[in-house]
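Notes for the one structure printed next.
The values are calculated or read from the model by the stated rules, or taken from the named source; none is laboratory data. Bear in mind the structure is a predicted one, so any value in this text is a computation, not a measurement. Here the Cβ positions follow ideal geometry from the backbone for every residue, glycine too, while neighbour counts run over all protein chains shown. Surface accessibility is based on the protein's heavy atoms, side chains included, excluding ligands, DNA and RNA. Shrake-Rupley method; radii C 1.70, N 1.55, O 1.52, S 1.80 Å.
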Amino acid sequence: MPGDKSISHRAAMIAALANGTSLIRNFSTSEDCAATLRCLEQLGVSIARKSDGLVIKGVGARGLRAPKEPLDCGNSGTTMRLLAGVLAGQDFETTLTGDESLRSRPMQRIIEPLGMMGAEIHSNDGRPPLTIRGRNPLRPIDYELLVSSAQVKSAILLAGLNARGQTKVTEQTPTRDHTERMLRWFGVTVEEGDAFKEGQTFAAVTGPASLTAREVLVPGDISSAAYFIAAAALLEGSLLETANVGLNPSRVAFLSVVKLSGLTVNFQDMREQCNEPVGIVRVEGPLTTKESTDTPLMINGERIAGLIDELPLLAVIGSQLVGGIEIRDARELRVKESDRIAATVAGLRAMNAEVEEFEDGLRVAGRTRLRGARIDSRGDHRIAMSFAVAGLLAEGETEIEDAECVSVSFPEFFELLESVVE
Ligand code: S3P
């Protein structure tokens, strides 16, 4: 699998803030991560794309330069939200913008905490473009996340590098912790633990911090592997092994759910690589569902945060389970790259599945013989890839509109899929 997108964004930004030159190997090939690199270059960071990886000359935690033009984050929410955290602590003004989808996404969730830290942020009524007037040093804050979001947590921690004192983020449900792990890899002390309130956890950094350049080998992207794992799980006679894939506990909930539905998934050769767990995932298909249950597999509550990017794919898998699937408490899906609840419901219905839509999720009836159809991806990579998997299961031809959007996270997707499907 190509390098993990979430980890690559962090590796590039954190290397840019380090002192010294870092080498990042297996950097994500996604358009989202390319947008991060372009923004960093506009901020005065030198990046050389070599055959063995990216060579990033760090400028130090406070060393970015004011860009001449607004920064275009493309389709990438992670680029915009994490960079906002970085720019909050730089003593100049920057404008962050993006494509039509990104310009419709909610940013109040970062404007509020970064504003409390002393950055001045103007937006279009809580949406991009964002104009950030940074300040150094920032004020440290002790902040409880209102939305369960690794992007918001990361923005605050990255801003915390340029605050004077300890910045602490508390969350109700643990979200992916790649920022914490990458900061530690670059020599920053990150405190983590159980928060005062039952069930909550915190992460904290103390500024002003200084970071030391490192070599990073990015693990393969488990969220990209998920489409292959699902296809192998559902297609007769499959056997799939993906090596060097990231197995961070905050990202593998998808595998546990698929396992719960009766699939044989094994992890092998587990090891740590640059503070991230990696290993081999081995899947044998087809799915042998735990029969005799006609109640839908329920995915809700605290499980949602760890499955957020895989939910459309789980809905497709659910159409093949005896009892189907019900996903609730997933309102966040409506403000991703597209309204992923609406897009999944429409796609599955077009393929003959019985689906009920809720404001915060959906219910898909089980064991449906999917019918090939024309699917509107809404320019959303995860919708396009989820319905490519559905298309493999369906009778007849499936046509996915605007399928090139897969390059947002996984440009090699169709080529790789063709190479493993007979
Ligand atoms: C990401 C966090 C998630 C996820 C996105 C990548 C990250 O978003 O959906 O694809 O790299 O931190 P939220 O943190 O907004 O849930």
Scanning segment 75-97 residue by residue, those surrounded by 19 or more Cβ atoms within 10 Å (Cβ to Cβ), outside any helix (DSSP H, G or I) and free of Cβ contacts under 8 Å to residues at least 60 places away in the same chain turn out to be 94, 96
Listed by first then second residue, the pairs whose first member lies in segment 236-259 and is farther than 15 Å from residue 219 by Cβ, whose partner is open to solvent by 30 Å² or more (accessible area, probe 1.4 Å) and of a type in the set (Gly, Ala, Ser), with beta carbons under 6 Å and at least 6 positions apart or on separate chains, are none
I'd like to check something: does segment 19-33 contain any residue that is within 16 Å of the ligand (Cβ to nearest atom), assigned to a helix (DSSP H, G or I), modelled with pLDDT of 95 or more and hydroxyl-bearing (Ser, Thr, Tyr)? no
Note on segment 389-402: residues in contact (Cβ under 8 Å) with a residue 24 or more places away in the chain and either open to solvent by 10 Å² or more (accessible area, probe 1.4 Å) or touching an Asp or Glu at 6+ places or on another chain (Cβ under 7 Å) (or both) are 392, 393, 394, 395, 396, 397, 398, 399, 400, 401, 402
Residue pairs within 6 Å by beta carbon, gap of at least six or interchain, first lying in segment 141-164 and more than 22 Å from residue 197 (Cβ to Cβ), second more than 12 Å from the ligand (Cβ to nearest atom) and in a strand (DSSP E or B), listed first then second, are 159/138; 161/207; 162/138; 162/207; 163/138; 163/207
When every residue in segment 354-367 that is farther than 20 Å from residue 384 by Cβ and in contact (Cβ under 8 Å) with a residue 40 or more places away in the chain is compared, the one surrounded by the fewest Cβ atoms within 10 Å (Cβ to Cβ) is 367
Listed by first then second residue, the pairs whose first member lies in segment 113-127 and is at negative phi and open to solvent by less than 100 Å² (accessible area, probe 1.4 Å), whose partner is aliphatic (A, V, I, L, M) and at pLDDT below 95, with beta carbons under 6 Å and at least 6 positions apart or on separate chains, are none
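Every residue, every condition in (1) under 24 Å from residue 329 (Cα atoms); (2) within 12 Å of the ligand (Cβ to nearest atom), yes or no:
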position: 135; (1), (2): no, no
position: 150; (1), (2): yes, yes
position: 164; (1), (2): no, no
position: 172; (1), (2): yes, no
position: 184; (1), (2): no, no
position: 187; (1), (2): no, no
position: 192; (1), (2): no, no
position: 203; (1), (2): no, no
Within segment 322-331, restricting to residues that are in contact (Cβ under 8 Å) with a residue 40 or more places away in the chain and open to solvent by less than 10 Å² (accessible area, probe 1.4 Å), the one that is nearest to residue 149 (Cα to Cα) is 325
Counting only residues in segment 137-148 that are among the aliphatic types (A, V, I, L, M) and surrounded by fewer than 22 Cβ atoms within 10 Å (Cβ to Cβ), the one nearest to the ligand (Cβ to nearest atom) is identified as 147
Reported set for segment 332-353 where residues are open to solvent by 40 Å² or more (accessible area, probe 1.4 Å), within 16 Å of the ligand (Cβ to nearest atom) and part of a loop (DSSP other than H, G, I, E, B) is 339
Counted residues in segment 214-260 being within 16 Å of the ligand (Cβ to nearest atom), of a type in the set (S, T, N, Q) and open to solvent by 10 Å² or more (accessible area, probe 1.4 Å) come to 1
Of 102, 114, 96, 64, the only residue that is within 14 Å of the ligand (Cβ to nearest atom) and modelled with pLDDT of 95 or more is 102
Exactly one of 1, 13 is within 23 Å of residue 405 (Cβ to Cβ) and either more than 16 Å from the ligand (Cβ to nearest atom) or not small (Gly, Ala, Ser) (or both), and that residue is 1
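Residue-by-condition table, conditions (1) within 23 Å of residue 298 (Cβ to Cβ); (2) touching a helix residue (DSSP H, G or I) at 6+ places or on another chain (Cβ under 9 Å); (3) not hydrophobic (A, V, I, L, M, F, W, C):
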site: 363; (1), (2), (3): yes, yes, yes
site: 368; (1), (2), (3): yes, yes, yes
site: 372; (1), (2), (3): no, yes, yes
site: 379; (1), (2), (3): no, yes, yes
site: 382; (1), (2), (3): yes, yes, yes
site: 395; (1), (2), (3): no, no, yes
site: 401; (1), (2), (3): no, yes, yes
task: Could you tell me whether any residue of segment 273-290 is crowded, with 17+ Cβ neighbours inside 10 Å and in a helix (DSSP H, G or I)?
output: no
In the set 110, 7, 24, the lone residue that is surrounded by 18 or more Cβ atoms within 10 Å (Cβ to Cβ), over 24 Å from residue 244 (Cα atoms) and among the β-branched types (Val, Ile, Thr) is 110
Pairs returned, first residue in segment 24-51 that is farther than 22 Å from residue 186 by Cα, second residue that is among the basic types (Lys, Arg) and in a helix (DSSP H, G or I), beta-carbon separation under 8 angstrom, 6 or more apart or interchain, are 30/5; 32/5
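Per-residue answers, yes or no, for (1) modelled with pLDDT under 95; (2) open to solvent by 70 Å² or more (accessible area, probe 1.4 Å); (3) more than 24 Å from the chain's Cα centre (by Cα):
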site: 371; (1), (2), (3): no, yes, yes
site: 375; (1), (2), (3): no, no, no
site: 387; (1), (2), (3): no, no, no
site: 404; (1), (2), (3): no, yes, no
site: 412; (1), (2), (3): no, no, no
site: 416; (1), (2), (3): no, no, no
